[in-house]
Every structure is written in C-alpha cells, then in structure tokens.
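What follows is a set of notes on a single structure, which appears directly below.
The values are calculated or read from the model by the stated rules, or taken from the named source; none is laboratory data. Being a predicted model, the structure only gives us computed values, none of them experimental. When we count neighbours, we look across all protein chains shown, and the Cβ atoms used for this are built from the backbone with ideal geometry, even at glycine.
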Amino acid sequence: MFFSSDLGLVAPSANQEPKFWNYVGLAQGLNYNDLLLSVDTQIAGGVDEGLPPINNSNTFYTKGLLSTVLFPDNSEINQNLSGPPPTSLNQTSESIVLYSFQKLVSGTWSLNVSRGLVTDFHANFKLLTVNGIDKHFIELLNFQNSNGSYITFNQFSNTPINGFADIKIDDELFQSKFPLTIQIFNINTIVLTIKDETVSNIFYNNNLLGITDSFKNFKGDELLIFEEDEK
C-alpha cells in the first residue's frame with residue numbers, strides 16, 4: 001500500500017484577498033506534490049466565536065520528511081530474553097525481530113494551522129527493522145489540539161503543539177486519541193513525541209524526527225529559503 005501526505009498551499013491572486021480552502025482529503029497513489037491543503041479562514045455563519053484574527057504567529061502551513069533510526073531499549077531486550085524460555089524457534093525469531101534490531105522510519109508529514117488550532121496533521125511513513133523482515137505502513141491522523149491550547153508560532157525558537165491523534169497500522173486503526181506533542185524547531189526540524197505506552201512501544205519509546213522542506217505563512221509566503229553559496 002502506498003501512502004502520500006504532501007499538501008500544497010493555494011496562494012491568492014494579485015488582486016485578491018488571501019483566501020484559503022478546506023483540506024480536500026488524503027488520496028493514495030499520488031506523487032509528493034499532487035495534493036492541495038490550506039487554511040480555512042472563514043467561520044461558519046460568519047461568527048468569529050472568540051477566535052483571534054489571523055496573523056503570522058497563529059496561521060501557517062508546513063510539510064517535510066520523516067527519517068529516524070529507532071534504537072531498542074537495552075533493558076527491554078534483557079527483560080524479554082530473561083523471561084520464560086521460548087516454546088519454539090519461531091518465538092525466538094519473533095523476539096529477535098521485536099527487540100534486537102533497530103527500526104527505520106521513512107515518510108512524509110504535513111501540518112496546517114489556522115488561528116492557533118491545527119486544522120490538519122498527517123504523517124505517513126514506513127516502519128521496518130533493519131534486517132528487512134518486519135515492515136509496516138503507519139499513518140498518524142485526526143490531530144486535535146488539547147482543550148484550551150492555542151498555538152503561538154515562533155520562527156526563531158521551539159513551537160510545541162500538544163494534542164491527541166489517531167494511529168493506523170497497515171490501514172487498520174490501532175489506537176485513537178493518544179497524546180501526541182508536535183515540536184517545530186526554528187522552522188527547520190520537527191519532533192513527534194508519543195505520550196502513550198502502547199503506541200510508544202512500537203517505536204522503542206523513541207521520538208520521531210524529521211526535517212522541514214516548506215514553511216508558508218498565512219499569505220502563502222515561503223519562509224524556508226535555501227540560498228546557494230555565491231560562486
């Protein structure tokens with residue numbers, strides 16, 4: 001199964017006020033730049049409901065890559081190997097796969113924030129052991145901010161985003177509404193911290209790390225600019 005999570009921002013025309021369209025859905029089998037995502041600035045019924053006005057610190061869109069090597073906890077390995085003796089060679093092999101080999105994470109992520117609230121977050125990636133035996137497709141989705149939590153983005157520091165998300169493994173819902181913290185460091189990197197024992201064990205209780213390859217403010221201006229060295 002192939003996952004794609006990239007979503008692009010719709011920029012306004014020259015004579016048009018910035019207007020953003022709702023997330024149109026996640027499609028499978030598409031290339032990294034095929035989908036569009038943006039921030040919906042319109043409130044149902046035209047009522048602001050106390051939400052702050054849109055500005056650079058509370059409305060943005062960003063996306064990038066996940067790439068992490070997950071190292072098993074040695075104490076967990078020792079505990080598993082010191083338990084009851086295996087009843088079969090298969091059980092021994094499963095123990096080696098689950099507790100001895102590092103795991104690799106490789107995939108994509110995207111984050112959309114409007115007026116301090118996450119309107120969409122997706123992470124789609126492969127998870128496999130370095131020996132290539134155990135492979136799964138993981139999807140993190142349906143992120144919701146913690147109650148009373150509004151995001152204030154700081155381009156030159158750490159921006160933490162606390163909330164809850166669902167996780168699918170091989171297209172099957174594994175757990176819903178588990179605690180998840182998204183941290184963006186200086187718009188260049190992302191760290192996902194899973195605060196649920198059952199889900200975190202899948203990743204050896206490691207954080208998921210990634211890089212940012214695009215960061216746009218509410219006007220659609222690209223903030224992540226790579227300047228080539230002068231020749």
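Show the residue pairs meeting these rules: Cβ distance below 6 Å; 6+ apart or different chains; first residue within region 145-156 and of a type in the set (D, E, K, R); second residue part of a loop (DSSP other than H, G, I, E, B).
Once the first residue is of a type in the set (D, E, K, R) and sits in region 145-156, no partner that is part of a loop (DSSP other than H, G, I, E, B) comes close enough.
Report the residue count in region 107-124 for those that are among the β-branched types (V, I, T) and either on the phi > 0 side of the Ramachandran plot or under 8 Å from the mean Cα position of the chain (by Cα) (or both).
Going through region 107-124 one residue at a time, the tally reaches 1.
Take the residues of region 116-131 that are in contact with a strand residue (DSSP E or B) (Cβ under 9 Å, 6 or more places away or on another chain) and outside any strand (DSSP E or B): which is nearest to V105 (Cα to Cα)?
Filtering first and then ranking leaves V130.
Counting residues that are within 19 Å of H122 (Cβ to Cβ) and either of a type in the set (D, E) or at pLDDT below 95 (or both), which strands (runs of 3 or more DSSP E) fully inside region 148-231 reach at least 1? Spell out how you get there, then give the answer.
Working: elements: 158-169, 172-185, 189-194, 208-217.
In region 148-231, 158-169, 172-185, 208-217 are the strands (runs of 3 or more DSSP E) which contain 1 or more residues that are within 19 Å of H122 (Cβ to Cβ) and either of a type in the set (D, E) or at pLDDT below 95 (or both).
Please verify whether S176 is among the hydroxyl-bearing types (S, T, Y), closer than 20 Å to N55 by Cβ and either in contact (Cβ under 8 Å) with a residue 12 or more places away in the chain or surrounded by 14 or more Cβ atoms within 10 Å (Cβ to Cβ) (or both), treating the condition exactly as stated.
Considered against the rule, which asks whether it is among the hydroxyl-bearing types (S, T, Y), closer than 20 Å to N55 by Cβ and either in contact (Cβ under 8 Å) with a residue 12 or more places away in the chain or surrounded by 14 or more Cβ atoms within 10 Å (Cβ to Cβ) (or both), S176 comes out as no.
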